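Reading through the structure tokens given below for one structure.
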Amino acid sequence: MVAIGLVLMFLLTQATNNRELYERYYGRLFILNVVVAALLLAVIAWMAIRLTLRLRRGKFGSRLLVKLAAIFALVGFVPGLLIYVVSYQFVSRSIESWFDVKVESALDAGVGLGRATLDTLSNDLASKTRAATSQLADVPNATAGLTLERIRDQLAASDVVLWDASGHLIAGVGQSRFDLNPERPGNQQLRNARSQRVVSQIEGLEDVGSAAVTNARIKVIALANSSSMGLLAEPRFLQVTQILPPALVANAIAVQEANREYQERALARDGLRRMYIGTLTLSLFLAMFGAVLLAVLLGNQLARPLLVLAEGVRQVAAGDLTPKAALQGKDELGGLTRSFADMTQQLADARAAVNRSMDQVDASRANLQTILDNLTAGVIVLDAHGMIQSSNPGATRILRAPLAAFEGRPLADIPGLEDFARSVQAHFDAFLRGRMEHGVDHWQQSFELNAAQPGSPHNAITLVARGAELPGASRLLVFDDISEIVSAQRAQAWGEVARRLAHEIKNPLTPIQLSAERLEMKLTGKVAAPEQALLAKSVKTIVDQVDAMKRLVNEFRDYARLPAAELRPLDLNALIGDVVHLYESEHAPAPVHVELDAACPLIRGDGQQIRQVVHNLLQNAQDATQTGAAGQRRARVTIRTQWLAPAQQVRLTVQDNGPGFPEHILNRAFEPYVTTKAKGTGLGLAVVKKIADEHGARIDLSNRVVDGVVQGAQVSLSFAIDSTASG
């Protein structure tokens with residue numbers, strides 16, 4: 001078929017170049033044309049029968065072969081018929097009449113006019129953009145958007161963008177506001193703009209059809225000068241985009257296309273006249289029948305790589321990314337199978353990379369979670385409505401509330417934290433309202449919280465909290481417990497007060513006492529009996545009160561001058577046994593029950609100061625059992641030690657069954673001169689707190705609550721063990 005077609009094409013070519021030869025062999029060429037067409041038609045019919053049988057058997061690729069045959073037949077017949085009709089019209093109406101010098105000149109002039117118009121618009125926009133950059137001279141990046149909007153209105157531009165020297169977006173108005181990743185200028189464009197001050201270009205004319213009409217635009221990039229330009233000042237670039245008028249673009253493209261087609265046809269005018277009529281009929285037949293025949297013959301070659309691709313697609317859809325088979329042919333379908341194999345390998349590599357990235361993300365998340373879990377500060381993430389999204393163990397420890405159990409619920413739902421939650425929400429609302437006005441990125445405030453549950457250890461909690469906004473409208477709350485710092489500051493302040501009281505008050509007490517006694521000696525026997533009795537009573541009152549004040553001042557002096565602890569290995573159980581012997585008298589206000597854990601190791605402590613702590617706690621407990629316990633229950637004091645192996649600490653606990661601490665005393669029990677006793681100085685627990693701080697021990701103070709009723713008070717101290725002794 002190919003050989004016959006080549007012979008016929010050669011004969012037709014020779015015939016069209018020689019009119020006499022064409023007329024002489026026209027009949028033979030026509031007969032050969034009919035014979036070739038018949039042969040092609042017979043081959044096509046035979047292959048059509050085979051294709052029908054294959055299609056009935058449901059063999060893969062049959063439908064594709066039918067579609068290819070139909071497509072090639074249609075592609076071969078319709079253009080051939082169109083060419084035949086058009087060629088006939090061309091010849092019949094004289095091709096020479098198409099080409100005219102005036103038409104050619106007019107087309108050239110139209111193309112030149114279009115180019116000149118576009119260049120004029122481009123230069124005009126460049127000049128206006130260069131002038132507009134002066135408006136940005138003193139405008140900071142943060143407020144450049146308003147200026148860009150004004151420039152956009154002045155220039156009637158569709159898009160105005162301000163870039164920094166690195167090509168990063170500073171601000172933009174127009175279409176760029178809706179682009180997540182606006183097209184940035186190239187480095188060469190920025191260098192040209194810096195050296196030439198302004199560059200312009202026309203884009204979109206290379207597009208095809210209506211896309212060129214709608215996408216044609218002028219883009220100008222100008223260097224934005226700054227009045228404060230210095231060595232460290234970073235240049236900025238103003239980019240202005242203006243859409244070209246669609247009518248102008250359409251006319252320019254139409255003129256250009258017409259000129260191109262005119263030139264092409266002008267070059268082929270001689271060939272058109274010779275070839276259209278002579279080869280039209282045979283070309284039509286060869287195009288149509290040859291296309292169908294080639295479609296059937298090449299269908300198997302097309303189907304083979306498609307079968308490979310289909311099988312590979314099924315495997316990939318099933319999640320199998322193992323290397324796939326590829327054909328080594330040089331055609332596009334062979335290349336497609338290789339590309340598919342490469343794509344599969346890339347997918348496998350990408351999956352491995354994603355898995356590695358996920359492992360890294362999981363590791364980073366685990367590291368971050370470990371950091372959060374080990375922070376001493378509390379961290380809570382809230383949403384805009386105060387719902388708890390996440391928290392770390394530090395927050396649970398500081399607030400003494402099960403925050404993990406309240407995730408997804410408001411912070412205000414946690415018992416005891418209602419006021420704290422409202423205050424935090426109010427501070428966040430105020431911060432968000434005034435953030436833009438004052439330019440702050442966080443707020444900070446201190447809070448004081450009471451114990452969350454009755455009978456819970458310790459007293460008030462002093463927090464310093466810091467809040468900031470996270471992406472996605474979430475809110476970050478970070479806080480720390482500064483109760484120990486505040487307590488230490490108060491203890492230091494009370495120590496200074498005690499030192500001054502001891503210095504300022506004690507000195508005049510002795511002269512007062514001596515003066516009163518001397519006055520009594522001088523007046524004894526010199527006044528009447530009633531006055532003598534009044535004198536003796538008054539002097540006695542003065543002496544007693546001076547003694548009381550001396551004791552008070554001495555206690556304050558001892559509190560202020562408490563020596564630094566000398567920490568040594570100490571057997572706490574043995575020390576308690578020595579102290580408790582002093583409270584075993586039959587006339588003791590309340591019996592002391594001892595519960596000592598034999599597993600307690602040695603602690604690091606000062607024996608003298610720990611002894612003072614035990615004395616103060618037992619004395620306070622016995623005094624408490626005498627206040628309100630009579631007639632209700634038998635007075636009882638318990639002292640207990642306990643070995644806390646997980647925390648590596650030894651806990652000392654003293655309990656009583658008295659009335660417990662009033663709520664206002666719980667919050668300030670460790671401050672000097674805070675007491676519930678009528679004649680107490682309030683220094684007992686203050687001394688205990690100061691000794692506990694010297695030993696680095698944690699002290700907890702609470703009321704024991706049973707069935708909602710206070711059943712006494714409890715004080716606990718947790719001491720660190722002696723590491724050398726335990727090792």
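Evaluate the following for N123: is it farther than 15 Å from F237 by Cα, out of contact with any strand residue (DSSP E or B) (no Cβ under 8 Å at 6 or more places or on another chain) and surrounded by fewer than 19 Cβ atoms within 10 Å (Cβ to Cβ)?
Values: farther than 15 Å from F237 by Cα: yes; out of contact with any strand residue (DSSP E or B) (no Cβ under 8 Å at 6 or more places or on another chain): no; surrounded by fewer than 19 Cβ atoms within 10 Å (Cβ to Cβ): yes.
So N123 fails the test.
Can you give me the number of residues within segment 135-174 that are in contact with a strand residue (DSSP E or B) (Cβ under 6 Å, 6 or more places away or on another chain) and of a type in the set (S, T, Y)?
Summing the residues that are in contact with a strand residue (DSSP E or B) (Cβ under 6 Å, 6 or more places away or on another chain) and of a type in the set (S, T, Y) in segment 135-174 gives 1.
Return the pair list, or none, for Cβ contacts closer than 8 Å from residues in segment 199-217 that are in a helix (DSSP H, G or I) and surrounded by 13 or more Cβ atoms within 10 Å (Cβ to Cβ) to residues that are acidic (D, E) and at pLDDT 70 or above, at least 6 apart or on different chains.
Once the first residue is in a helix (DSSP H, G or I) and surrounded by 13 or more Cβ atoms within 10 Å (Cβ to Cβ) and sits in segment 199-217, its partners that are acidic (D, E) and at pLDDT 70 or above give A212/E206; N215/E203.
Taking segment 143-159, which residues are among the hydrophobic types (A, V, I, L, M, F, W, C) and within 16 Å of D179 (Cβ to Cβ)?
Keep residues of segment 143-159 that are among the hydrophobic types (A, V, I, L, M, F, W, C), which gives 144, 146, 148, 151, 155-157.
Correct list: L148, A157.
For (1) hydrophobic (A, V, I, L, M, F, W, C); (2) within 30 Å of P393 (Cα to Cα); (3) surrounded by 10 or more Cβ atoms within 10 Å (Cβ to Cβ), each residue gets a yes or a no:
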position: G335; (1), (2), (3): no, no, yes
position: S339; (1), (2), (3): no, no, yes
position: A348; (1), (2), (3): yes, no, yes
position: R351; (1), (2), (3): no, no, yes
position: V354; (1), (2), (3): yes, no, yes
position: M358; (1), (2), (3): yes, yes, yes
position: R365; (1), (2), (3): no, yes, yes
position: L368; (1), (2), (3): yes, yes, yes
position: D373; (1), (2), (3): no, yes, yes
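Would you confirm, using the coordinates I've provided, whether A295 is in contact with a Gly (Cβ under 8 Å, 6 or more places away or on another chain) and at pLDDT below 80? Before the answer, list the steps.
Numbers: in contact with a Gly (Cβ under 8 Å, 6 or more places away or on another chain): no; at pLDDT below 80: yes.
The answer is no for A295.
Checking the conditions here, which among A404, A421 is modelled with pLDDT under 85 and touching a strand residue (DSSP E or B) at 6+ places or on another chain (Cβ under 9 Å)? Full working, then the answer.
On the way: A421 fails: modelled with pLDDT under 85.
Unique residue meeting the criteria: A404.
Looking at T724, T675, can you tell me which residue is within 28 Å of R604 (Cα to Cα), at pLDDT below 80 and either out of contact with any helix residue (DSSP H, G or I) (no Cβ under 6 Å at 6 or more places or on another chain) or basic (K, R) (or both)? Show your work before the answer.
Working: T675 fails: within 28 Å of R604 (Cα to Cα).
None of the other options fit; the residue is T724.
Would you check which residues across segment 464-487 are assigned to a strand (DSSP E or B) and under 18 Å from L372 (Cβ atoms) and list them? Can you show your working first?
Kept after step one, since they are assigned to a strand (DSSP E or B), are these residues of segment 464-487: 464-469, 475-481.
A465, R466, G467, A468, R475, L476, L477, V478, F479, D480, D481 - these are the residues of segment 464-487 that are assigned to a strand (DSSP E or B) and under 18 Å from L372 (Cβ atoms).
Would you check if N225 is touching a Ser or Thr at 6+ places or on another chain (Cβ under 8 Å), assigned by TED's automatic domain parsing to the domain that holds Q242, surrounded by fewer than 21 Cβ atoms within 10 Å (Cβ to Cβ) and modelled with pLDDT under 85?
Yes: the conditions hold for N225.
Quick one: in segment 413-448, of everything that is β-branched (V, I, T) and touching a residue at least 12 places away in the same chain (Cβ under 8 Å), which residue is surrounded by the most Cβ atoms within 10 Å (Cβ to Cβ)? Break it down stepwise before answering.
First, pick out the residues of segment 413-448 that are β-branched (V, I, T): 414, 424, 440.
Of the ones still in play, those that are also touching a residue at least 12 places away in the same chain (Cβ under 8 Å) are 414, 424.
Details: I414: 19, V424: 24.
The qualifying residue surrounded by the most Cβ atoms within 10 Å (Cβ to Cβ) is V424.
Kindly provide the set of residues from segment 234-252 that are among the aliphatic types (A, V, I, L, M) and under 49 Å from the mean Cα position of the chain (by Cα), ordered by number.
Hits for segment 234-252 are L238, V240, I243, L244, A247, L248, V249, A250.
Could you please give the count of residues in segment 310-354 that are over 26 Å from L64 (Cα atoms) and in a helix (DSSP H, G or I)?
So the answer is 10.
If L65 satisfies every condition in (1) assigned to a loop (DSSP other than H, G, I, E, B); (2) at pLDDT below 75 but one, which is the exception?
(1)
Looking only at segment 347-369, count how many residues are more than 18 Å from the chain's Cα centre (by Cα) and either within 22 Å of L463 (Cα to Cα) or β-branched (V, I, T) (or both).
Total meeting the criteria: 1.
Looking at segment 391-422 only, could you name the residues that are part of a helix (DSSP H, G or I), closer than 20 Å to A473 by Cβ and either among the small types (G, A, S) or under 22 Å from the mean Cα position of the chain (by Cα) (or both)?
Result: A412, A421.
If you check I542 against the conditions, is it in the same structural domain as N616 (by TED's automatic domain parsing), modelled with pLDDT of 80 or more and in a helix (DSSP H, G or I)? Write out each step before concluding.
Details: in the same structural domain as N616 (by TED's automatic domain parsing): no; modelled with pLDDT of 80 or more: yes; in a helix (DSSP H, G or I): yes.
In short, no.
The values are calculated or read from the model by the stated rules, or taken from the named source; none is laboratory data. Treat the numbers as computed from the prediction; the structure is a model and nothing was measured. All Cβ positions, glycine included, derive from the backbone under ideal geometry; neighbour counts span all protein chains shown.
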